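Participant: Here it is, the structure in full.
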Amino acid sequence: MEFKHISVLKNECIEGLKIRPDGVYVDGTLGGAGHALEVCRRLGPDGRFIGIDQDEAAVKNGYEKLGEFENVTIVRDNFQNFSGIMETLGVKAVHGVLLDLGVSSKQLDDGERGFSYMQDAELDMRMDQRAPLTAWDVVNTYPEEELRRILTEYGEERWSARIAEFIAKERQQKPIETTGELVRIIKEAVPKGARQDGPHPAKRSFQALRIEVNHELDILEKSIRSMAEYLAPGGRICIITFHSLEDRIVKQTMRELATGCTCPPEFPVCVCGKKPKMKLITRKPIVSGEEELNENPRARSAKLRVAEKC
């Protein structure tokens, strides 16, 4: 299947990166390579592009889409290993980093991957098909209380207790094998009145399971700090998020990196010696305009934040 993906906030990202032709730029979530293509088009012979993705299909697609450009390196790995990847490649500093977080259109549309509650498939949800943990493992082996916690924390699901209870009862009869079975159970657990308005009743639960399977939130803050260390002065990091949990981590981490002296106001001179590492370029996140939303409804929840190395 062709890796179809509509890049969100593409122009805003390119503008945010402030690309220099001789710079080194890293896309930590290569995906459909839409952002990557625009970056590579702006690089000169002395520039370099590095694409990172843990999804085998994204890596293959990257080679196909970016084959015409020189000085392109594609690595199948998780961006949480940013420092190790740069060390292996002999890169001392980079001038821009892009992260487009969450699940790609291709992953959602590929019925076999189990990311979508709209298609029946095996309970998988792994972004890296080499990873041992699947959604089947979470749904069928996690204690009921742990399931409830995940649905509450990662899905912000108000009916988490009932959904976890219904899952636990169902799997006593037989394992829950497919996304279709799970959607049915969730619909039975969520009261009819709550199902009539708002998003699909399984949306939040599927988000929560995907985050748990791929450890999406666990790696985010540490990864941003690692990337900030590798940025050259004036280099920028652009991060697109798709739900409030991710955006909160990005916002807080960027804000902390942009904070200088933390001494009490009454101190006559600074004794902590703390200097800001980053400067916030976006005080408020950039969101998609009406034109983009008409073309790509999935962009509705996208938020872009940009910071620059001091």
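The values are calculated or read from the model by the stated rules, or taken from the named source; none is laboratory data. Treat the numbers as computed from the prediction; the structure is a model and nothing was measured. Methodologically, a virtual Cβ is constructed for each residue, glycine included, from the backbone with ideal geometry; neighbour enumeration extends over all protein chains shown. Side chains are part of the model used for accessible areas, which takes the heavy atoms of the whole protein and leaves out ligands, DNA and RNA. Shrake-Rupley method; radii C 1.70, N 1.55, O 1.52, S 1.80 Å.
Participant: Which trypsin sites (Lys or Arg not before Pro) does the range 1-101 hold that lie in a coil by DSSP with at most 13 other beta carbons within 10 Å?
Facilitator: 4, 92
Participant: At a Cα cut-off below 18 Å, give the aspartates and glutamates reachable from residue 274, other chains included and same-chain residues fewer than 8 away excluded.
Facilitator: Candidates past the 8-residue exclusion: 229, 256, 266, 308.
Participant: If packing is taken as the mean number of other Cβ atoms within 10 Å per residue, what is the order of 268-281, 139-152, highest first?
Facilitator: Taking the mean over residues of other Cβ atoms within 10 Å, the ranking is 139-152, 268-281.
Participant: Whole-Hz Karplus ³J(HN,Hα) for the range 68-84, in order, using 6.51 cos²θ - 1.76 cosθ + 1.60 and θ = phi - 60°, x for Gly and Pro?
Facilitator: With coefficients 6.51, -1.76 and 1.60, one gets 6, 9, 8, 6, 10, 10, 10, 10, 8, 6, 9, 4, 5, 9, 3, 4, x Hz.
Participant: Follow-up. Any idea how many Lys pairs in the range 1-97 come in under 23 angstrom at the alpha carbon, given 8 or more places apart or on separate chains?
Facilitator: Taking the Cα cut-off of 23 Å, the pair count is 7.
Participant: About the Cα centre, and with charges only on the beta carbon of Lys, Arg (+1) and Asp, Glu (-1), how big is the dipole of the range 77-206? Nearest 20 debye, please.
Facilitator: 360 debye
Participant: Placing one identical point scatterer on every Cα of the range 86-175 and ignoring solvent, what is log10 I(q)/I(0) from the Debye formula at q = 0.11, 0.12, 0.17, 0.23 Å⁻¹?
Facilitator: The Debye formula, applied to the Cα set alone, gives -0.46, -0.53, -0.87, -1.25.
Participant: What ³J(HN,Hα) values, in whole Hz, does the Karplus curve 6.51 cos²θ - 1.76 cosθ + 1.60 give for the range 43-52 when θ = phi - 60°, with x put for Gly and Pro?
Facilitator: 8, x, x, 9, x, 9, 10, 10, x, 10
Participant: Here is a follow-up. Pop out the carbon and sulfur fraction of the accessible area of the chain as a percent, whole number, probe 1.4 Å.
Facilitator: Solvent-exposed carbon and sulfur of the chain make up 49 percent of the total.
Participant: Ordered by residue, what ³J(HN,Hα) values in Hz, to whole numbers, does the range 91-106 give under the Karplus form 6.51 cos²θ - 1.76 cosθ + 1.60, where θ = phi - 60° and Gly and Pro are x?
Facilitator: In residue order, the calculated couplings are 8, 8, 7, 10, 9, x, 9, 10, 10, 10, 6, x, 8, 7, 4, 4 Hz.
Participant: Within the range 154-256, how many Lys pairs that are eight or more residues apart, or on different chains, come under 29 Å at the alpha-carbon?
Facilitator: Eligible lysine pairs with Cα atoms under 29 Å apart amount to 11.
Participant: With a 1.4 Å probe and all protein chains left in place, how much accessible area per residue does the chain have, in Å²?
Facilitator: It amounts to 50 Å² per residue over the chain.
Participant: Beyond 26 Å, what share of the Cα-Cα pairs of the chain is found? Please give it as a whole percent.
Facilitator: 50 percent
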